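Student: Sharing a structure with you now.
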Amino acid sequence: METYTVQAPTLAECQVITRERYGDRAYIFQHKWVKSGGFLGFFAKENVIASVIVPSPKPDLSKYASSVIKKAQDLDNTERERQEKAKLLSAAAEVRGLDPNLQAILTQVKLLGDKIDSKLTAPRQNAADEHESIVRIRDALEQNDFSPAFQREIIDYVRREFSIEALNDYSEVQYKALEWIGARVKIYSDSGPYKRPRIIVLIGPTGVGKTTTICKLAAGFMYYPAKNEEKQSVSLFTIDRYRIAADKQLGELAACLQADFMAVDDEDELKKELALRVDSFDTILVDTIGRSPQASVELAGMKKMLEVCGANAEVYLTFAASTKTSGIIEIMRQFEPFNYRAVIVTKLDETKQMGNVLSALAERGKPLAYVTDGQSTTPYYIHKANIIKLLTNLQGFVLDRERLEAFFSSIHQ
Ligand SMILES: Nc1nc2c(ncn2[C@@H]2O[C@H](COP(=O)(O)OP(=O)(O)OP(=O)(O)O)[C@@H](O)[C@H]2O)c(=O)[nH]1
Ligand SMILES: [Mg+2]
């Protein structure tokens, strides 16, 4: 086995380079994002650095032998060619002599070679030749709107893991595919203890549900604490004051919850009001101005303001479940300078597909903390992310729940 490093602006490009440079057997086993240049973290160029594994090349000899045999078979019956053929066949026999099993390998390699040739010359036949289990998995992935790059990765994995015979067992193929998807998505698992006051900040594009989610969280902390946790005192902040009625929206919701509420205009005011509350509240939730991911200058200003919340502040990026994978990746990229810890995905109730979200989370390597699935501001519509629930929601897959639970509890221990 050999390992290499590949660098490109996206994971998909790394995958293309990996194939071009190191062939079909090579695969990416881990990747990370690096940034260079830019101003205050914005406008920086991003690249993916991927670690590539190339499994040890076993079939060198057999490849050579099969090419020899193929050449021999292609030769015409002229005298010169007959001689050539005899030479080639004896060379092949010599190679065979090196390993008693090579004869069988040669036959297999030749069959494979023929198959590849026919696929290359007749691409339409390709899909028809595909094993039914692969076709079914691909259909299910498509149904869930997984990105093409994610689909390719998983199909490659299935092809690597399963022999032709093993592919006949569709339920095992399906199980392994789900296991693979689940392992690629990180779940945020921080459960304290937290330094008091815990400061939680929600950032994200406009209209995705930040304010609604803040209220769901606040209601949960104040009135429906998790098992073994106490009810908390909560203060709600908004830095969304410039927009007409924006502070009114959170103010009214805070009044319903009987929570403390503060709308601030600038860094100094935020600093001052936070300082007044650090000793009196368990949790401070900060709502922010919804920003288009393209508004880099405004985002830089907001980042500066939020620095007042301190390095321990938990920043969560919020976006809606129906956003396309490419849109989510763009949002994640543009909000990266905020060093958000995890992601909150909203409006799950408005879509049946989650593949777009899971593909983007896997590509960016960011953990999912919460999902929300309802307009009402009660905590009933916010849930801590759970990988089994996410997999259960996928369309077209039948889950072996017990086995998946056993697998994920063993890797999350
Ligand atoms: N269906 C559904 N709607 C939601 C959910 N969360 C929020 N909404 C709705 O989305 C709309 C926008 O919600 P807000 O909480 O105001 O969104 P925001 O991100 O604060 O918006 P800005 O402050 O304008 O950036 C409202 O109509 C909410 O009721 C959810 O989980 N499901
Ligand atoms: Mg809002």
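None of the figures in this text is laboratory data; all of them are computed from the coordinates on show. Keep in mind that this is a model prediction, so the values were computed, not measured. Don't worry about glycine lacking a Cβ; one is built from the backbone with ideal geometry, like all the others, and counts go over all protein chains shown.
Student: Full extension from Lys352 to Asn168: what is 0.36 nm times the residue separation minus their Cα-Cα distance, to one decimal in nm?
Tutor: Here the answer is 63.4 nm.
Student: I'd like the distance separating the alpha-carbon centroids of the range 366-397 and the range 250-308, in whole Å.
Tutor: Between the Cα centres of the range 366-397 and the range 250-308 lies a distance of 26 Å.
Student: Next question, about the same structure. Given R₀ = 30 Å, what would the calculated FRET efficiency be for Trp180 paired with Gln7, taking r from the Cβ atoms and rounding to 0.05?
Tutor: With R0 = 30 Å, the Cβ-Cβ based efficiency is 0.75.
Student: Fewest to most neighbouring Cβ within 10 Å: what's the order for Val158, Val34?
Tutor: Lowest to highest Cβ neighbour count: Val34, Val158.
Student: Let me ask something else about it. Extension gain Glu130-Gln375, at 0.36 nm per residue separation less the Cα-Cα distance, in nm?
Tutor: Numbers: separation 245, 0.36 × 245 = 88.20 nm, distance 4.37 nm.
Stretched out fully, the Glu130 to Gln375 stretch lengthens by 83.8 nm.
Student: Going down the table (Lys231/Lys389; Lys35/Lys227; Lys210/Lys271; Lys195/Lys366; Lys248/Lys324), which pairs top 29 Å between alpha carbons?
Tutor: Those over the limit are Lys35/Lys227; Lys248/Lys324.
Student: So, one more: At a 10 Å Cβ-Cβ cut-off, how would you order Cys256, Cys309, Cys14, fewest neighbours first?
Tutor: Values: Cys256 10, Cys309 19, Cys14 23.
In order of increasing Cβ crowding within 10 Å: Cys256, Cys309, Cys14.
Student: So, one more: Test of understanding: ordering Thr351, Thr392, Thr318, Thr212 by Cβ neighbours within 10 Å, fewest first, what list do you get?
Tutor: Taking fewest neighbouring Cβ atoms as first place, the list is Thr392, Thr351, Thr212, Thr318.
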